[in-house]
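**Q** I'd like to ask some things about the structure below.
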Amino acid sequence: MRSLIDIHDFSVEEIDKLIETANDIIANPSKYAEKCKGKKLATLFYEPSTRTRLSFEAAMMELGGNVIGFSEASSSSAAKGESVADTAKVMSAYADIIAMRHPQEGAPYVASRNASVPVINAGDGGHNHPTQTLTDLLTISREKGRLDNLTVGFCGDLKYGRTVHSLIAALARYKNVKIVLISPSELTIPSYVRYEVLNKNGMEYVETTDLEGAMPSLDVLYMTRIQRERFEEEADYERLKDSYILTEDKLKRAKSDLAILHPLPRVNEISVKVDSDPRACYFKQVHNGKYIRMALILQLLLEADGVIAPEDRNYMLVNKLSCGNKRCITQTEQELDQLFKVTDPEAGICRCVYCEAKVFTK
Ligand code: NCD
């Protein structure tokens, strides 16, 4: 059963096809109005969400399907101690497809290994958010007319911003994409993004704290919120929360055809005055999110008849190792095998298959 857990679960060609379908849905919505008649989507949201959950639900409704689910862990049996694996098995009896958001990194992957219907990762902790990435790719392709030959700046919380991690992984597969990482030094990208994505793909990237200095070179500026809920110390959040605020003044040095994206919700990192700038694309991005999720649901349900075998993540079972990431699903899920993939045999580096945290074997 094919699921979407990591953006690399879909090839570039498959992503291009989803973008094509989304564009066709935008142009001819009535053609798709009954495509999922009789099908049910379960939205299992263990963490707050406005856009992602409701865009999944709106997407399924616009395909003629139905929706069941919950929007907070406290209203599910997780509050009674039910594991993610059991919940996934149970929901497979009620729904044809599952969208899951969970605070523990790797939880949707655990669900996909236990469900008999496709599972979509709707955000796992500070790790990944592949459907936001599909939204971002559709937006960039509609605004810029291409996904290659771009300089893309990411600004804000690059450490905990899961949308950033998934989008960089996606952009790594397009030609001549340069990345500019703009963040406070405490909030730089996690090591797996640096080593497994940027370095391994030979991507050109720079790291800076200076948004205004980077501005003139950018084709796309991806602003992000400082992720308050992932901080261990509130004082650290307080110190860093106003690190970047995009204003009209700061945009004076930007290209005239810059595309400004933001996954939303916005706190204060983009001045409301910027909203009327023609370069602001973040509300168009919200619309695109619904259409690309329609394309994704349609595609996964079409494939769910067993066309595609479960993908092999090339993992190994290492009993003596355990993942040290406090936000990993291995910390809370009952009797979960500790699975690792070897990413750098010479240096003896393994990564947890659920959250990609680094573990040394030497
Ligand atoms: C993002 C998320 O949940 O990671 N929101 C979204 O899904 N559009 C970004 C965020 O919360 O900052």
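**Q** Sort 38-47, 326-335 by the packing proxy (mean of other Cβ within 10 Å over each peptide's residues), most packed first.
**A** Ranking the peptides 38-47, 326-335 by packing returns 38-47, 326-335.
**Q** Quick one: in segment 1-89, what % of C-alpha pairs are over 18 Å apart?
**A** 60
**Q** Find how many whole Å separate the alpha carbon centroid of segment 217-275 from the alpha carbon centroid of segment 180-213.
**A** Segment 180-213 and segment 217-275 have Cα centres spaced 16 Å from each other.
**Q** Calculate the length of the line joining the C-alpha centroid of segment 1-71 to that of segment 116-173, in whole Å.
**A** Measuring centre to centre over Cα atoms gives 16 Å.
**Q** Beta carbons within 10 angstrom, averaged per residue: use that to sort the peptides 280-286, 157-163, highest first.
**A** 157-163, 280-286
**Q** Right, another one. Most mobile of A95, A122, A111 per a Gaussian network model of the chain (Cα springs, under 10 Å)?
**A** A95
**Q** For the chain, what mean projected area does the convex hull of the alpha carbons give, in nm²?
**A** Numbers: hull surface 71.5 nm².
Quarter of the Cα hull surface area: 17.9 nm².
**Q** Which helices count as membrane-span-like in the chain under these terms: full DSSP H, at least 30 Å along the axis by C-alpha, Kyte-Doolittle mean of -1.0 or more?
**A** The qualifying helices are 282-303.
**Q** Another question, then. Assigning unit charges at the beta carbon (Lys, Arg +1; Asp, Glu -1) and nothing else, what dipole magnitude in debye, to the nearest 20, does the chain show about its Cα centre? Numbers along the way, then the final one.
**A** On the way: 46 positive and 51 negative charges, 74 e Å.
Value, rounded to 20: 360 debye.
**Q** Give the residue from A111, Q338, S256 lying farthest towards the positive end of the charge dipole for the chain; charges sit on Cβ (+1 for Lys and Arg, -1 for Asp and Glu) and the dipole is referred to the Cα centre.
**A** Checked the options; the winner is S256.
**Q** Separate question: Hey, which of these cross-link pairs are over 26 Å Cα-Cα: K17/K178; K31/K175; K200/K341; K17/K144; K17/K250?
**A** K31/K175; K17/K250
**Q** Please give every one of the aspartates and glutamates within straight-line cross-link reach of K252, meaning a C-alpha to C-alpha distance under 18 Å, and leave out same-chain neighbours fewer than 8 residues apart.
**A** Cα-Cα hits under 18 Å: D210, E212, D219, E269, D275, D277.
**Q** Once Rh is set to the Kirkwood radius over Cα pairs, what Stokes-Einstein translational diffusion coefficient, in µm²/s, holds for segment 130-285 at a temperature of 4 °C and a viscosity of 1.567 mPa s?
**A** 83
**Q** Using only the Cα atoms of segment 316-360, each taken as one equal point scatterer with no solvent, compute I(q) by the Debye sum, divide by I(0), and report log10 of the ratio at q = 0.28 Å⁻¹.
**A** -1.03
**Q** With both bridge residues required to lie in the chain, what share of the DSSP beta bridges run antiparallel, to the nearest 5%?
**A** Working: 10 of 46 bridges.
For the chain, the DSSP antiparallel bridge percentage is about 20.
Taken together, the values in this text are just the output of simple stated rules run on the coordinates, not laboratory data. Computed from a predicted structure; not experimentally measured. Note: ideal-geometry Cβ built from the backbone for every residue, glycine included; neighbour counts use all protein chains shown.
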